[in-house]
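Values in this text are rule-based calculations from the coordinates and carry no lab data. If you're wondering where the values come from, they're calculated on a predicted model, not measured in any experiment. All Cβ positions, glycine included, derive from the backbone under ideal geometry; neighbour counts span all protein chains shown.
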């Protein structure tokens, strides 16, 4: 009996070994044999091949928006793409157009190239672009340095903010600028992709910047289109990206609230990235502090909080102090009233603090436009004498901004290498 058991066990063992060897030889599933190395390579390459194929098909079919930052409008001359704002306003039927400043495709040897980054104010709103401070600056440079080819390219577009400016930077740096001027910060809440924006991808700065980069690929744009359609199905009453004239309650942003701080941090992070890119490329940047109508613009939306007075009450107190010629106290109260205003069309004081802090950190020149505007205002506080509305300067205000940027550039040595005509005349003994 025991002999039969032993024979049975040996037979089972032999049968098992034979099956295993046959399975190994055949490469059947469940065996211990590992797949060949190229199997893993193919597995890794499949998503890339799918992405590349989809990208190629979409490109051949003409799907997607033109992504070139600069386009050649006439032989040898470039201009900012008129459709560039569609990167930031997604599928709006109408988007703001940039200023049509032309510059040489190949930078001439005697060229002095200035790029200006900004929003509504830097674009010269509510006037035509010919009234912007960039035009005044261009005339001053051409008058003073007429032996150089002066190129001033204003990249400012209405309703954009620091996300778009950051996105512009790599393309600008490839155009070999001699200096970049920045006047921005008012649109961080309601501008395209701003802190109070209802647009995807939400309020994450890093995710937003990543999406702006990835949307250069048509495959990602296709997926974004799909997401946008879904959003529109549930939000029929909103335009995506552009600030509506009818401001709803969820766009009221209390002072020092979470959303308020998100706007400040968003601006600080994007501006830091911009300055870091410029510094790494050896390009100087001149920054300007922000101005707005303090004295003659009552708060848009006022509400008293638990520990804070109302914006309207603070504004009335400021007017009272001004009547008593207590200018310093009035100025502080006007600024506080602006910061308490829950409709954040005017940048709070924190934005100027960010600009000043980063200018010091990167050792870039700073134009204190707000201080100068106060100093030349009759009451010592910026109001209707220099502003058309709540934050846009009038013609004299824009001219003053251009002069201030010019003087700071000259004082900082950021000017064309050719000597100005007056200097040449003095050098030759004419004066």
inquiry  = Can I get the semi-axes of the range 76-184's equivalent ellipsoid? Compute them from the C-alpha gyration tensor as square roots of 5 times the eigenvalues, in angstrom, largest first.
reply    = 24, 16, 12
message = For q values of 0.13, 0.15, 0.16, 0.18 Å⁻¹, compute log₁₀ I(q)/I(0) with the Debye formula on a Cα-only model of the range 276-431, without solvent.
response = -0.72, -0.87, -0.95, -1.09
Protection proxy ranking of 102-111, 385-394 - average other beta-carbon atoms within 10 Å, highest first = 385-394, 102-111
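Report D for the range 334-394 in µm² per second (integer): Stokes-Einstein, Kirkwood Rh on Cα pairs, 25 °C, 0.890 mPa s. Walk me through the numbers on the way to the answer.
Values: Rh = 12.9 Å.
Diffusion coefficient, whole number: 190 µm²/s.
Nearest 0.05, what FRET efficiency do residue 259 and residue 417 give at R0 = 60 Å with Cβ-Cβ as r? Don't jump to the answer; show the numbers that get you there.
Working: r = 47 Å, r/R0 = 0.78.
Efficiency, rounded to the nearest 0.05: 0.80.
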request  = Using the 2.2 N^0.38 Å rule of thumb for compact globular proteins, work out how the range 148-196 stacks up: its C-alpha Rg over that value, please.
outcome  = 1.30
request  = Compute the length gained on full extension between residue 111 and residue 349: take 0.36 nm times their separation in residues and subtract their Cα-Cα distance, giving the result in nm to one decimal.
outcome  = 82.0 nm
message = Would you work out the Kirkwood radius for the range 293-362? I mean one over the mean of 1/r across all pairs of different Cα atoms, in Å.
response = 12.7
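Can you compute the FRET efficiency between residue 83 and residue 323 using 1/(1 + (r/R0)^6), with r the Cβ-Cβ distance and R0 = 56 Å? Round to the nearest 0.05. Before the final figure, lay out each step's value.
Details: r = 51 Å, r/R0 = 0.91.
The computed FRET efficiency comes out at 0.65.
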key: Distance in nm between pseudo-label sites at residue 407 and residue 357 (7 Å out along the Cβ direction from Cα)   = 2.8
task = Measure off 7 Å from each Cα along the Cα-to-Cβ vector at residue 74 and residue 44, then give the distance between these two points in nanometres to one decimal.
result = 5.2
